[in-house]
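K.L.:
Shown below is the structure under consideration.
The numbers here are math on the coordinates, done by the rules we state, and not lab data. A quick note: this is a predicted structure, and the numbers were derived from the prediction, not measured. So basically every Cβ, Gly included, is an ideal-geometry build from the backbone, and we count neighbours across all protein chains shown.
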Amino acid sequence: MIPHPISPALAEQLEHCRSIFVRNCVLQVSIGVYDFEKEAPQSMVFNVTAYVRRESASPKHDGLNEVVDYDFVRNTIIEHASSGHVQLQETLCDRIAETLFTKKQIIAAYIASEKTDIYADCDAIGVGAWYVS
């Protein structure tokens, strides 16, 4: 997967960040605009990388309370993927980003979602986008 190019200004900010990621989170999701997609949940894969300012992600006492917990990122994906039918992957990714940014330490995120069972001749179809708080 090749992420969308980022601006020089964002690249400079990201140099001072740690990334927290959830890779290949596979979930069954009620998603789609077509009638056949509304009949049953579909298998989806999520890849999310959240960027946290290093000063907010460098524990001094080795405590979980000093960092953004990756459980927060994973649970955010699961929460939105299981919250009822969504028509578009873009909408689902936007909702995930909105919740991630409730943690002020997160300054940017790359979120990608993939439907893996749509076309027999493709591993997946999906969307991905950079989000900046």
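K.L.:
Of A57, A112, A11, which is the most mobile in a GNM of the chain whose springs link Cα atoms less than 10 angstrom apart?
P.N.:
Most flexible of the set in this elastic network: A11.
K.L.:
Now, a different point. Taking only Cα atoms, what is the 0 to 90° angle, nearest 10, from helix 89-100's long axis to the longest principal axis of the chain?
P.N.:
Orientation of helix 89-100: about 30 degrees from the principal axis.
K.L.:
When the chain is modelled as a GNM with alpha-carbon springs shorter than 10 Å, which of I78, I118, I96 fluctuates the most?
P.N.:
Taking springs between Cα atoms under 10 Å, the residue moving most is I118.
K.L.:
Next question. If you find the alpha carbon centre of region 108-133 and of region 43-65, how far apart are they in angstrom?
P.N.:
21 Å
K.L.:
So if R0 is 41 Å, what FRET efficiency would D123 and K60 give, r being the distance between their Cβ atoms, rounded to the nearest 0.05?
P.N.:
Working from the Cβ atoms, E equals 0.45.
K.L.:
Moving to a separate point now. Taking loop as defined by DSSP and a crowding limit of 14 other beta carbons within 10 Å, which trypsin sites (Lys or Arg not before Pro) in region 51-94 fit?
P.N.:
Taking region 51-94 and a limit of 14 other Cβ atoms within 10 Å, the loop trypsin sites (Lys or Arg not before Pro) found are K60.
K.L.:
Taking the chain, how many lysine pairs are there with alpha carbons less than 28 Å apart, if each pair must be eight or more places apart or span two chains?
P.N.:
Lysine pairs satisfying the spacing and distance rule in the chain number 4.
K.L.:
Report the charge-dipole magnitude of the chain in Debye, nearest 20, computed about the Cα centre from +1 at each Lys and Arg Cβ and -1 at each Asp and Glu Cβ.
P.N.:
My answer is approximately 480 debye.
K.L.:
Which Cα, out of Q42, V22, P59, lies furthest along the positive dipole direction of the chain (beta carbon charges, K/R +1, D/E -1)?
P.N.:
Farthest along the dipole direction, towards plus: P59.
K.L.:
Let me ask you something else. Given the rule -39500 (n - 2.57) for each run of at least 4 DSSP H residues, summed and divided by the residues of the chain, what is its mean residue ellipticity at 222 nm, to the nearest 500 deg cm²/dmol?
P.N.:
-7000 deg cm²/dmol
K.L.:
Of G32, G84, G63, which has the largest mean-square fluctuation in a 10 Å C-alpha GNM of the chain?
P.N.:
G63
K.L.:
What would the Debye equation give as log₁₀ I(q)/I(0) for region 1-130 at q = 0.13, 0.21 Å⁻¹, counting only Cα atoms as equal point scatterers?
P.N.:
Values, matching the q order: -0.57, -1.20.
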